[in-house]
Amino acid sequence: MMLRRGFILFLPRLVGLLVVACCSMSIVYMLACTPKGDSQQPALPRVHSPTVKEGYEAVLQEREEQHSNYIVSLKKQIAQLKAALQGRTEQLKKMQNQYPNPLDIWLDHSNPEKAQANLLAFLRSQVDKAEVHSGIKLSTEYAAVPFESFTLQKVYQLETGLTRHPEEKPVRKDKRDELIEVIELAVGSLNKPEGVGNAKHHVYTASDFIEGIYRTEKNKGTLYELTFKGDAKYQFKKIVLFRPFGPVMKVKNENVNMADTLINVIVPLAKRASKFRQFMQNFREMGIQQDGRIHLTVVYFGKEQMNEVKSILENTSKSTNFKNFTFIQLNEEFSRGKGLDVGARFWKGNNVVLFFCDVDIYFTAEFLNSCRLNTQPGKKVFYPVLFSQYNPSIIYGHHDSIPSLEQQLVIKKETGFWRDFGFGMTCQYRSDFINIGGFDLDIKGWGGEDVHLYRKYLHSNLIVIRTPVRGLFHLWHEKQCLDELTPEQYKMCMQSKAMNEASHGQLGMLVFKQEIETHLHRQKLSSKKT
């Protein structure tokens, strides 16, 4: 009994001793059997080791050898890359000698025969590059270049342009002359005898032409496929022609300094003080603070709200120390053409760029530079196509709130459209405006005066730059077409009003709103039953 009790007391001590022994053996095993690292680099010697200096020197020497080997490897790679670059450069020189720079073809007159041969080779290569003999793999359906079709009388087009006609007699002279030339060339080719024999053959005329299709690849050329009547009822003649585009030519290389080019922004106005306040916020930020080379001329009709408008001008002047503005008041009925004409002729300084603007326009500082760069006295006038904003209450009707004005100014098909039928916003030098005769002052009220001025420039020798610009917006506002307008003016006003509201799809959603809601209601009921 005594032995048993003693064994029980001694058992915990024995277990503790065994645990300590096992731990000690594990530590010894780990120290003895831990494998070396993959790099096989010796560990740094301990600080208190008697060989500490020699150990550090050995490690540093090994590291230095590794870096030296790495530098040698890099130098070898650099040498290989230089050799490869030299080889590519020589290949490029050979290719340039074989296919000369397109500019050299035109500009090198030392060897006309070689230049002509090179040009012909280039034009033939354009046919091979284009999608004429075989198709080209395209990434998406949007990458396809569509054809347009034509007959002797009409062109059937996807890009309708300003006329909006899906089919029309070609209005533009260049397109009309192009298609006439192609048909004449095709007829001449068909009537050219293929053999030497005296066999009679059918003489083709333009009346045998049935239809044609054509498309243009911008960097290659235009492909034409024309179909003519054949010798029998179900036989046809097909001619394929290609107009290759020549090499790009350098026309001009010049420095343009616009540091001292002033823009006189002319705004005709009657009432609409709240809109003018919004306009001046834009003018302050973009015109005064960011651009700084700008003058503002306000031509005000009547006296109603005039003091409020003048107060807005004066407050802006004080807060920004801006003195470059003119206020002209006319006691007569509002006429946009009259206001712009008066504002342009009132200027007494040097020749200046005139920007004819409206109070519901938003412009950026980048646009002001475009205004300068695309005008040149006696040579160029600028007619930008601005982006017209749809009715925000329709566009953002499904949102919790309408975004800020700056957030609304996004160029997308859901938010607006290119106002290509409008010619009211324009930049030109004052000298050109005076020489062309200014506005037709017999036109009263809204619309028509801008088109007349535009046509004057088109009938002159000045170059008219017409292009969409990303920094000019027409802000939506409710449009009222007054009974006093002429029938033509009223029609133009109503067309403008219809296009201003929303896109085709958005208007369709409004028209079929009840139908859509009924469908959604039925869907809810059917889901509850299931």
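We did not get these values from a lab; they are worked out from the coordinates using the rules stated. Owing to the predicted nature of the structure, the values given are computational and were not obtained by experimental measurement. Here Cβ is always computed from backbone atoms with ideal geometry, including for glycine, and neighbour counts include all displayed protein chains.
Annotations for the structure displayed:
- Per residue, the convex hull spanned by the Cα atoms of the range 323-429 amounts to 165 cubic angstrom.
- The distance separating the Cα centre of the range 356-423 from that of the range 247-322 comes to 15 Å.
- Fraction of antiparallel bridges per DSSP, the range 263-508 only, in percent to nearest 5: 30 percent
- Under 29 Å from the Cα of Lys76 - lysines, other chains or at least 8 residues apart: Lys93, Lys94
- Computed from the alpha carbon positions, the gyration tensor of the range 168-327 leads to an equivalent ellipsoid with semi-axes of 66, 21, 12 Å, biggest first.
- Of all aspartates and glutamates in the structure, the ones whose alpha carbon falls short of 12 Å from that of Lys456, not counting any fewer than 8 places away in one chain, are Asp432, Asp440.
- Put simply, when 454-463, 59-68, 354-363, 178-187 are sorted by average Cβ atoms within 10 angstrom per residue, most first, you get 354-363, 178-187, 454-463, 59-68.
- Ranked packing of 337-345, 413-421, most packed first, by mean Cβ within 10 Å: 337-345, 413-421
- Whole-number D in µm² s⁻¹ for the range 152-258, Kirkwood Cα-pair radius fed into Stokes-Einstein, 20 °C, 1.002 mPa s: 128 µm²/s
- The trypsin sites (Lys or Arg not before Pro) found in the range 458-506 that occupy coil by DSSP, while having at most 16 further C-beta atoms within 10 Å, are Lys479.
- Estimated from the Cβ-Cβ distance and a Förster radius of 45 angstrom, the FRET efficiency linking Arg176 and Leu74 is about 0.10.
- Taking a straight line from the alpha carbon of Lys413, these lysines sit under 26 Å away, with near neighbours fewer than eight places off in the same chain left out: Lys218, Lys275, Lys479, Lys491, Lys497, Lys513.
- Listed pairs Lys82/Lys220; Lys192/Lys229; Lys192/Lys233; Lys318/Lys380 exceeding 26 Å between Cα atoms: Lys82/Lys220; Lys318/Lys380
- The translational diffusion coefficient of the range 374-529, from Stokes-Einstein at 20 °C and 1.002 mPa s with a Kirkwood hydrodynamic radius over alpha carbon pairs, comes to 115 µm²/s.
- Across the range 353-367, coupling constants 3J(HN,Hα) worked out from phi with the 6.51/-1.76/1.60 Karplus curve, θ = phi - 60°, read 6, 9, 10, 7, 9, 10, 6, 9, 10, 10, 10, 10, 5, 5, 5 Hz, and Gly and Pro carry x.
- Projected onto planes of every orientation and averaged, the convex hull of the alpha-carbon atoms in the range 263-508 covers 13.7 nm².
- Hydrodynamic radius of the range 237-388 per Kirkwood, over alpha carbon pairs, in Å: 17.6 Å
- Each of the peptides 290-301, 426-437 was scored by the mean count of other Cβ atoms within 10 Å over its residues; in descending order, highest first, they stand as 290-301, 426-437.
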